[in-house]
Amino acid sequence: MTRHFLNLTDAGGDAIAAMIADAIDRKAARKGLPKGAADADAPLAGRTLAMIFEKNSTRTRVSFDMAIRQLGGSSLILEGATSQLGRGETVADTARVLSRMCDAIMIRTGDHAKIEEMARHASVPVINGLTDLSHPCQIVADLLTVVEHGLALPGSQWAWLGDGNNVLHSIVEAAGLLKFDVRIGVPQGYDPDPSFASAAQALGARITLTRDAPEAVAGADVVVTDTWVSMGQDHADEKLKAMMPYQVTVALMAGARADAKFLHCLPAHRGEEVVAEVIDGPQSLIWDEAENRIHAQKSVLLWAFGLLG
Ligand code: CP
Ligand code: NVA
């Protein structure tokens, strides 16, 4: 069976735990090496990852390129606008062709149905590099980051502030798979897709939704936010106004545990979803989180190639 990674559930909790453990080991083992040098075992030597971007990216693009490089392989990029996909070639035909030419496909796009269509027609692994629905690769890096900083995931308390978006969906999915709780503080009209919470709750996670930001962060181990306006959305004044009470401020962070960690997948908008004092302050793990995209994406690739989990 080809291993596609469209959502965290495709791998499951045990495989995600294995990804985190392997990322910690590989990161330690290559300490001191130049960033572009391959790991000693170069497990993906000779493999090529095709990366398709129909939306902007800095971290996902660079981290996947560095990840496969460090695993001994290489990558190539197709932009939506300059490939035949952008001129109407079907997703199915693109999937078939790339499967003959490359060893795996990572795609960032809007409509999640497109990535599912890609996976249906690809005979090599398809990896979700972000859709409007979810961002599973980011969350593997987030989990790795908090674990590295000493958090035991089972039973931990996470707070989300702001928009009910793709990143939140994957956090809630992770909560079900790895048994932690999420309190979601979002304004009316911007709730996440309830199917993620139902699935996580069925697996034993406590997922609660509140309109009250201090209630969401009270006693939290991890506080997370993201842009209020995701790629492809309107920068509407009405939305920004609704989001303002959910801005992560110093006062709001003070309601979380004293040793709470702050995460943000980036890019950030200081003065909107978070103030500079928090994102650039001592509780913020954002630079480790960004670097960990490389180490987490290596684990995702190894899992997709059947070498992990
Ligand atoms: N966090 C994240 O996915 O960043 P990019 O949009 O830069 O890839
Ligand atoms: N929610 C954001 C994440 C960017 C990495 C977006 O979809 O634009």
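So how do 269-280, 131-142 stack up, highest first, on mean other-Cβ count within 10 Å?
Numbers: 269-280: 16.4, 131-142: 25.9.
So the order, starting with the most tightly packed, is 131-142, 269-280.
Calculate, in nm to one decimal, what Ala202 and Ala258 gain on full extension: separation in residues at 0.36 nm each, minus their alpha carbon distance.
Working: separation 56, 0.36 × 56 = 20.16 nm, distance 3.07 nm.
Difference between extended and current length: 17.1 nm.
Can you work out D for region 131-223 in µm² s⁻¹ from Stokes-Einstein, where Rh is the Kirkwood radius over C-alpha pairs, the temperature is 20 °C and the viscosity is 1.002 mPa s? Please list the in-between numbers first.
On the way: Rh = 12.9 Å.
Reported coefficient: 166 µm²/s.
Under a Cβ-Cβ cut-off of 10 Å, what is the net charge of the residues other than Leu203 that fall near it, where Lys and Arg count +1 and Asp and Glu count -1? Don't skip to the end; give the middle numbers.
On the way: positive: Lys179; negative: Glu173.
Local net charge: 0.
Using just the alpha carbons, could you tell me how many Å³ per residue the convex hull of region 17-93 encloses? Provide the component values of the computation, followed by the final result.
Details: hull volume 9.6 nm³, N = 77.
In region 17-93, the Cα convex hull volume per residue is 125 Å³.
Starting from the exponent 0.38 and prefactor 2.2 Å, build the expected Rg for region 75-201 from its residue count and divide its actual Cα Rg by it.
Numbers: Rg = 17.0 Å, N = 127, 2.2 N^0.38 = 13.9 Å.
So the Cα radius of gyration is 1.23 times the expected 2.2 N^0.38 Å.
For Ala152 and Ala45, compute 0.36 nm times the residue count separating them, minus their Cα-Cα distance, and round to one decimal in nm. The partial results should precede the final answer.
Details: separation 107, 0.36 × 107 = 38.52 nm, distance 3.39 nm.
Gain in length upon complete extension: 35.1 nm.
If you bin every alpha carbon distance in the chain into 10 Å steps from zero, what whole percent lands in each bin?
Answer for the chain: a P(r) of 6, 28, 35, 23, 7, 0 percent.
Against the empirical 2.2 N^0.38 Å scaling, what ratio does the C-alpha Rg of region 3-137 come to? Please report the intermediate quantities before stating the final value.
Values: Rg = 15.1 Å, N = 135, 2.2 N^0.38 = 14.2 Å.
The reported ratio for this selection is 1.06.
Determine the sum of side-chain charges near Leu71: Lys and Arg each +1, Asp and Glu each -1, restricted to other residues whose C-beta is under 10 angstrom from that of Leu71. List each step's numbers first, then the result.
Working: positive: Arg26, Arg47, Arg69, Lys298; negative: Asp39, Asp41.
The answer is +2.
Excluding Lys27 itself, what net charge comes from residues whose Cβ is under 13 Å from its Cβ, given Lys and Arg +1 and Asp and Glu -1?
Details: positive: Arg26, Arg30, Lys31, Lys35, Arg293, Lys298; negative: Asp22, Asp25, Asp39, Glu148, Asp288, Glu291.
Around Lys27, the charge tally is 0.
Laboratory data are not the source of any read-out in this text; all were calculated from the coordinates shown. Please read these numbers as outputs of a predicted model, since none were measured by experiment. Glycine also receives a Cβ, built like all others from the backbone with ideal geometry; neighbour counts cover every protein chain displayed.
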